Amino acid sequence: MTPDVTAFFDEATNTISFVVKDPEGTSCAIIDSVLDFDYSSGRTDTKSADEIIAHVQENNLKVEWILESHVHADHLSAAPYLQEKIGGKIGIGKNITIVQDTFGKVFNEGTEFQRDGSQFDKLFEEGDSFMIGQLRGDVLHTPGHTPACMTYVIGDAAFVGDTLFMPDFGTARCDFPGGSSETLYQSIQKILALPDETRIFVGHDYKAPGRDEYAWETTVGEQKANNVHVGDGADKDSFVEMRDTRDASLAMPKLIIPSLQVNMRAGQMPEPDEEGDVFLKVPVNKL
């Protein structure tokens with residue numbers, strides 16, 4: 001089946017969120033939503049999420065799933081806000097527990113922070129499947145960028161999160177805790193083993209040099225032929241050397257500190273204090 005895919009681009013974080021609809025019904029899933037956050041003021045906003053809500057309501061859609069491809073380091077998830085407004089089960093990869101354990105220590109969360117993934121409604125693992133109405137989704141575990149990265153293959157479309165970008169931009173970084181360029185290469189081969197005509201929807205776009213427009217849809221065949229990092233049969237050793245060298249030159253994402261604390265909680269803020277105020281921590285010399 002060919003799902004109907006509607007994209008929502010957030011220019012502030014270069015993130016693309018997707019609404020994926022059963023073409024024979026009204027059921028849908030939302031993938032990688034965005035909660036707007038102004039770091040300098042510490043204020044949140046729901047403008048991006050409200051655009052998705054408006055689309056769902058205007059088209060009388062039924063939200064079955066709110067899916068995360070991984071724990072994002074560059075934007076906050078709007079999953080709980082969307083769930084409250086329009087329903088759906090929140091899902092992520094089973095290895096979220098590894099991410100929670102790693103960053104629970106970085107942010108000194110203490111024993112009150114549960115590291116068992118219980119903040120999410122569903123923890124997916126390799127080989128799992130789920131339904132969006134009559135539309136089937138299959139789950140690939142594609143770590144490397146993070147340990148919990150998942151690719152959701154829904155009908156003829158694969159939603160790869162940060163694992164792959166558009167062919168002219170390449171692949172995800174692997175230098176966050178738990179990342180691995182060798183593992184990423186292996187995960188990408190799993191995606192490239194899908195049929196050539198499979199549509200690939202990427203989670204971010206930054207407009208590669210020479211390209212004037214943002215883009216987020218390509219195919220497995222185009223990635224195999226033209227991806228600047230893994231296309232044309234690039235071997236693992238050369239990829240690992242390129243990726244590790246490139247990652248060593250990259251700065252941390254500007255929203256990594258708030259994003260990790262919120263997203264490892266399924267989009268929830270840390271527990272408020274006795275007066276109802278919420279605080280985020282800034283670990284010094286930890287990232």
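Coordinate-derived values only; no laboratory data. No experiment lies behind these values; they were computed from the predicted model shown. Here the Cβ positions follow ideal geometry from the backbone for every residue, glycine too, while neighbour counts run over all protein chains shown.
Return the FRET efficiency for the residue pair GLU125, THR6: r is the Cβ-Cβ distance, R0 is 22 Å, and the value is rounded to the nearest 0.05.
Efficiency at R0 = 22 Å is approximately 0.20.
Calculate how many DSSP beta bridges within the chain are antiparallel, expressed in % of all such bridges and rounded to the nearest 5.
70
Are there any chymotrypsin sites (Phe, Trp or Tyr not before Pro) in segment 200-287 that are in a DSSP loop and have at most 14 other Cβ atoms within 10 Å? List them by number.
Sites meeting the loop and neighbour criteria: TYR206, PHE279.
Hey, with R₀ at 35 Å, roughly what FRET efficiency would GLN189 and GLU274 work out to, going by the Cβ-Cβ distance, to 0.05?
Given R0 = 35 Å and the Cβ-Cβ separation, E is 0.10.
By count of other Cβ within 10 Å, fewest leading, how are LEU250, LEU194, LEU82 ordered?
Lowest count first: LEU250, LEU194, LEU82.
Expressed as a rounded percentage, what relative contact order does the chain have, with Cα pairs under 8 Å and six or more residues apart?
18
For segment 43-134, state the average projected area of the convex hull of the C-alpha atoms over all orientations, rounded to one decimal in nm².
Spelled out: convex hull of the Cα atoms, projected over all directions, averaged, 7.4 nm².
Check which residues have an amide H placed less than 5 Å from LEU35's amide H, if you skip close sequence neighbours.
Distant-sequence amide H within range of LEU35: LEU76, SER77, ALA78.
What is the dipole size for the chain, taken about its Cα centre, with +1 at each Lys and Arg Cβ and -1 at each Asp and Glu Cβ, in debye to the nearest 20?
340
What ranking, highest mean first, results for peptides 91-97, 40-46 when packing means the other Cβ atoms within 10 Å averaged over each residue?
91-97, 40-46
Could the peptides 117-125, 24-32 be put in order, highest first, of the mean number of other beta-carbon atoms found within 10 Å of their residues?
Final packing ranking: 24-32, 117-125.
Fewest to most neighbouring Cβ within 10 Å: what's the order for ASP38, ASP74?
By the 10 Å Cβ count, ascending: ASP38, ASP74.
Would you work out which of VAL20, PRO283, SER259 lies farthest towards the positive end of the dipole of the chain? Charges go on Cβ: Lys and Arg +1, Asp and Glu -1.
Checked the options; the winner is PRO283.
Choose one answer from GLN83, GLN57, GLN100: the residue with the largest mean-square fluctuation in a GNM of the chain with alpha-carbon springs under 10 Å.
Looking only at GLN83, GLN57, GLN100, the biggest GNM fluctuation is shown by GLN57.
Could you work out the Rg to Rh ratio of segment 4-253, with Rh taken as the Kirkwood radius (inverse of the mean 1/r over all Cα pairs)?
That ratio equals 0.95.
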